[in-house]
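Trainee: To start, I am sharing the structure in question, which I have written as structure tokens.
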Amino acid sequence: MSALFFKRFLQKPFQIASIIPSSKALVERVAGKMAFDQPRVIAEYGPGEGVHSRELARRMDAQSRLFLFELDPAFSRDLERQFADDPRVTVINRDAASLSAELTLRGINQCDYILSGIPFSILEIKKKRALLQDTYDVLKPGGAFIIYQVTNELRQHATFFDRAESEYCLQNIPPMFVTVFQKANTRNGHAHTTRLIRAVSANGAS
Ligand SMILES: C[S@@+](CC[C@H](N)C(=O)[O-])C[C@H]1O[C@@H](n2cnc3c(N)ncnc32)[C@H](O)[C@@H]1O
């Protein structure tokens, strides 16, 4: 067990939300949802002590970039240390909600993949929806938002993604749903239409 992980859990149980890092089986299952056959821009929400980040960095090519959004300062310092010699990886000690502002600062507009390990289910509903919207907006057409969570409740909120597929990974404590939310691979197609329909309904038009 990672001593740092357990210590941070004791300090902030609701934010850390787990007493041990993801298992090797879960890490491989999640990384297997991404294609590394070309340079990728990946953002990770809540890397913790970096068990998924290390696997992504191992699979990425030299031109790829990985942005780690971690709220906890002790985890962030540890991630900085681990990736000090890897210019592809940037650690950002801020809320995942700062995604688009932080990427814009670095001249990045879009991601191929966004991976999340944060406890979405306990986020206040307005914050949850805003984060899902920002995540969708920052993804490239054809990109994917990948989450691992104890419950699969996010599916009911992330309805504007064009497709969602879940599977259950038993080889983790606790077992987790791994869900891939896909953004359609078209600039003016289904994704755009879906957002237009949502915008129109939000404004009260029929
Ligand atoms: C369950 S742990 C997952 C850690 C790691 N990804 C793993 O699989 O072992 C959740 C992590 O998300 C971080 N976190 C929680 N809310 C966050 C937020 N809004 N933005 C960024 N990180 C957040 C916590 O500090 C913690 O490191």
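The values are calculated or read from the model by the stated rules, or taken from the named source; none is laboratory data. All of these numbers come straight from a predicted model, not from anything done at the bench. Cβ placement follows ideal geometry from the backbone for every residue including glycine, while neighbour counts extend to all protein chains displayed. Heads up: the accessible areas ignore ligands, DNA and RNA and are worked out on the full protein's heavy atoms, side chains in. Shrake-Rupley method; radii C 1.70, N 1.55, O 1.52, S 1.80 Å.
Trainee: Check the stretch 158-168 and report whether any residue there is within 16 Å of the ligand (Cβ to nearest atom), more than 15 Å from Tyr45 (Cβ to Cβ) and not hydroxyl-bearing (Ser, Thr, Tyr).
Mentor: no
Trainee: Restricting to the stretch 142-156, and then to whatever is within 15 Å of the ligand (Cβ to nearest atom) and aliphatic (A, V, I, L, M), can you tell me which residue is surrounded by the fewest Cβ atoms within 10 Å (Cβ to Cβ)? Give the steps one after another, and end with the answer.
Mentor: Filtering the stretch 142-156 for residues within 15 Å of the ligand (Cβ to nearest atom) gives 145-151, 154.
Restricting the remaining residues to those that are aliphatic (A, V, I, L, M) gives 146-147, 150, 154.
Values: Ile146: 21, Ile147: 25, Val150: 14, Leu154: 21.
Among those that are within 15 Å of the ligand (Cβ to nearest atom) and aliphatic (A, V, I, L, M), it is Val150.
Trainee: Scan the stretch 98-108 and give yes if some residue there is over 25 Å from Gln182 (Cβ atoms), within 14 Å of the ligand (Cβ to nearest atom), touching a residue at least 12 places away in the same chain (Cβ under 8 Å) and open to solvent by 10 Å² or more (accessible area, probe 1.4 Å), otherwise no.
Mentor: No, the stretch 98-108 contains no residue that is over 25 Å from Gln182 (Cβ atoms), within 14 Å of the ligand (Cβ to nearest atom), touching a residue at least 12 places away in the same chain (Cβ under 8 Å) and open to solvent by 10 Å² or more (accessible area, probe 1.4 Å).
Trainee: Exactly one of (1) open to solvent by 40 Å² or more (accessible area, probe 1.4 Å); (2) farther than 15 Å from Phe181 by Cβ; (3) acidic (Asp, Glu); (4) within 12 Å of the ligand (Cβ to nearest atom) is unmet by Asp134. Its number?
Mentor: (2)
Trainee: Mind checking which residues of the stretch 98-137 are touching a Lys or Arg at 6+ places or on another chain (Cβ under 7 Å), part of a helix (DSSP H, G or I) and at pLDDT 95 or above?
Mentor: The answer is Glu102, Tyr136.
Trainee: Additional query: Looking at Ser121, Ser116, which one is closer than 19 Å to Gly32 by Cβ and of a type in the set (Gly, Ala, Ser)? Give the steps one after another, and end with the answer.
Mentor: Values: Ser121 fails: closer than 19 Å to Gly32 by Cβ.
It is Ser116.
Trainee: Yes or no: the stretch 161-181 includes at least one residue that is open to solvent by 10 Å² or more (accessible area, probe 1.4 Å), without any contact (Cβ under 8 Å) to a residue 60 or more places away in the chain, farther than 15 Å from Lys33 by Cβ and polar (S, T, N, Q).
Mentor: No, that holds for no residue.
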